[in-house]
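Q: I'd like to ask some things about the structure below.
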């Protein structure tokens with residue numbers, strides 16, 4: 001459940017919510033509708049989001065093994081799915097837990113930070129083409145978090 005809504009519901013078990021708590025609840029309810037629309041859009045357009053990214057990746061890394069490129073693309077498919085779910089839940093801890101649990105070690109072990117960074121940049125460009133500015137503003141903190149977790153590994157730049 002949405003952590004902020006859950007906290008408000010916990011408060012409501014013992015008493016009526018205060019005016020400022022109701023305002024926070026209304027704000028969360030209003031943004032939940034927007035988040036759900038963005039989530040559904042990303043789910044429906046996943047292939048059309050990633051196909052141009054895949055095409056450009058092959059052009060950028062023509063000498064890289066196909067298997068390596070495909071593995072990194074699959075990483076970012078999962079990253080976008082996790083970002084979308086974390087955005088829907090409005091829960092950055094969810095995203096951090098998922099990414100740190102499995103993907104960060106894989107990226108480091110395969111030494112694919114450059115490929116991962118390229119995919120991330122291509123994905124960001126593609127999302128700018130497809131999402132409204134308002135939708136990007138809602139999703140962006142989660143993409144930034146994923147980028148810092150995955151690409152920041154071993155790169156103190």
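The values are calculated or read from the model by the stated rules, or taken from the named source; none is laboratory data. Quantities reported herein were computed from a predicted structural model and do not represent experimental measurements. Here Cβ is always computed from backbone atoms with ideal geometry, including for glycine, and neighbour counts include all displayed protein chains.
Q: Is it the case that residue 107 is modelled with pLDDT of 90 or more and surrounded by 19 or more Cβ atoms within 10 Å (Cβ to Cβ)?
A: no
Per-residue answers, yes or no, for (1) over 30 Å from residue 25 (Cα atoms); (2) at pLDDT below 90:
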position	(1), (2)
58	yes, no
77	yes, no
81	no, no
85	no, no
92	no, no
102	yes, yes
112	yes, yes
121	yes, no
142	no, no
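Q: Cβ-Cβ distance below 9 Å, separation of 6 or more or different chains: which pairs start in the range 16-27 with a residue that is under 17 Å from residue 90 (Cα atoms) and end on one that is part of a loop (DSSP other than H, G, I, E, B)?
A: Partner pairs satisfying both residue conditions: 24/17; 25/17.
Q: Separate question: Go through the range 79-92 and give me each residue that's in contact (Cβ under 8 Å) with a residue 60 or more places away in the chain and more than 10 Å from residue 143 (Cβ to Cβ).
A: Within the range 79-92, 82, 89, 90, 91 meet the criteria.
Q: Among the residues of the range 63-78, which ones are more than 22 Å from residue 100 (Cβ to Cβ), under 22 Å from the mean Cα position of the chain (by Cα) and without any contact (Cβ under 8 Å) to a residue 12 or more places away in the chain?
A: Correct list: 70 only.
Q: Within the bounds of the range 65-72, is there any residue that is within 19 Å of residue 134 (Cα to Cα), touching a helix residue (DSSP H, G or I) at 6+ places or on another chain (Cβ under 6 Å) and surrounded by 14 or more Cβ atoms within 10 Å (Cβ to Cβ)?
A: no
Q: Another question, then. Which one is nearest to the chain's Cα centre (by Cα), of the residues in the range 42-61 that are over 14 Å from residue 125 (Cβ atoms) and surrounded by 15 or more Cβ atoms within 10 Å (Cβ to Cβ)?
A: 42
Q: Can you name the residue in the range 1-41 that is under 24 Å from the mean Cα position of the chain (by Cα) and not in a helix (DSSP H, G or I) and is also surrounded by the most Cβ atoms within 10 Å (Cβ to Cβ) among such residues?
A: The extreme case among them is 2.
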